[in-house]
Amino acid sequence: KQEVTQIPAALSVPEGENLVLNCSFTDSAIYNLQWFRQDPGKGLTSLLLIQSSQREQTSGRLNASLDKSSGRSTLYIAASQPGDSATYLCAVNSGNTPLVFGKGTRLSVIA
Amino acid sequence: GAVVSQHPSRVICKSGTSVKIECRSLDFQATTMFWYRQFPKQSLMLMATSNEGSKATYEQGVEKDKFLINHASLTLSTLTVTSAHPEDSSFYICSASSGGIGETQYFGPGTRLLVL
């Protein structure tokens, strides 16, 4: 059974810092991996989707990497801003089962 | 493209009443829709998967008579919480996919349910 773990559970950084969020999964036979952002009381916003054949994806200040063999993904946020404050969720798609989510990392960027 | 809406966004109801939540795919045909539940500061918990025109598949521990799911068309799925109780208060999120389980899911904005 696929399990997804996100570390740290919460993170507080000063504005302008670069930061890394971590996601690990137990079964490396995945179809793709997706990073989401969730603001309090809101739904999910898809940030980046990495197919199993890809190593990384970039969108603006965000860069997501995938190391399928070791069961790890990282989300790198450059030059963090207060508007980046949210919960970031990692979800793994194993292709024949529903998405499995991690518990998320709660990020606070302090001005 | 790939927009999913939910209605209502918030609902407050009395204990014992039933509440219906709608999930719509606005610009694509959703072969498969998923319903999730999220408790405060917790991750999403999949409740059920529904395919258009067939019965939903419920996850272990989810009461199908309590949470009725209907996916009657390729753009609409509904979740009805029957005889709601305070412990059913939660954030309910749906997602939709134009393919099967392995395809990209697009998420709705969620519905906050409060049962008094």
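Nothing in this text is a laboratory measurement; each read-out follows from the coordinates by a stated rule. The shown structure was predicted, so the numbers you read here are calculated from the model rather than taken from an experiment. Glycine also receives a Cβ, built like all others from the backbone with ideal geometry; neighbour counts cover every protein chain displayed.
Check off (1) in contact with a Phe, Trp or Tyr (Cβ under 8 Å, 6 or more places away or on another chain); (2) assigned to a loop (DSSP other than H, G, I, E, B) for A:Ser46 and give me the number that stays unchecked.
The one condition A:Ser46 does not meet is (2).
Any residue in the stretch A:55-68 that is assigned to a loop (DSSP other than H, G, I, E, B) and either under 29 Å from B:Arg112 (Cα atoms) or of a type in the set (Ser, Thr, Tyr) (or both)?
Looking through the stretch A:55-68, none of the residues is assigned to a loop (DSSP other than H, G, I, E, B) and either under 29 Å from B:Arg112 (Cα atoms) or of a type in the set (Ser, Thr, Tyr) (or both).
Going through the stretch A:91-104 one residue at a time, which ones are within 11 Å of chain B (Cβ to nearest Cβ) and either in a strand (DSSP E or B) or of a type in the set (Val, Ile, Thr) (or both)?
Just the residues of the stretch A:91-104 that are within 11 Å of chain B (Cβ to nearest Cβ), to begin with: A:91, A:93-104.
Listed by number, the residues that qualify are A:Ala91, A:Asn93, A:Thr97, A:Val100, A:Phe101.
Could you identify the single residue in A:Ser46, A:Ser70 that is more than 12 Å from chain B (Cβ to nearest Cβ) and more than 16 Å from A:Ser12 (Cα to Cα)?
Working: A:Ser46 fails: more than 12 Å from chain B (Cβ to nearest Cβ).
Selected residue: A:Ser70, the only one of A:Ser46, A:Ser70 that is more than 12 Å from chain B (Cβ to nearest Cβ) and more than 16 Å from A:Ser12 (Cα to Cα).
How many residues are more than 17 Å from B:Thr32 (Cβ to Cβ), within 14 Å of chain A (Cβ to nearest Cβ) and more than 15 Å from the chain's Cα centre (by Cα) if we restrict to the stretch B:49-103?
Matching residues across the stretch B:49-103 total 1.
With the condition being touching a Leu at 6+ places or on another chain (Cβ under 8 Å), I'd like the strands (runs of 3 or more DSSP E) fully within chain B carrying at least 1 qualifying residues. If you could, list the steps in order and put the result at the bottom.
Values: elements: B:4-7, B:10-13, B:19-25, B:32-38, B:44-51, B:67-73, B:76-81, B:90-97, B:111-115.
Because the criterion is at least 1 residues that are touching a Leu at 6+ places or on another chain (Cβ under 8 Å), the strands (runs of 3 or more DSSP E) in chain B that meet it are B:4-7, B:10-13, B:19-25, B:32-38, B:44-51, B:67-73, B:76-81, B:90-97.
Check the stretch A:69-90 and report whether any residue there is of a type outside the set (Phe, Trp, Tyr), surrounded by fewer than 19 Cβ atoms within 10 Å (Cβ to Cβ) and part of a strand (DSSP E or B).
Yes, the stretch A:69-90 contains at least one residue that is of a type outside the set (Phe, Trp, Tyr), surrounded by fewer than 19 Cβ atoms within 10 Å (Cβ to Cβ) and part of a strand (DSSP E or B).
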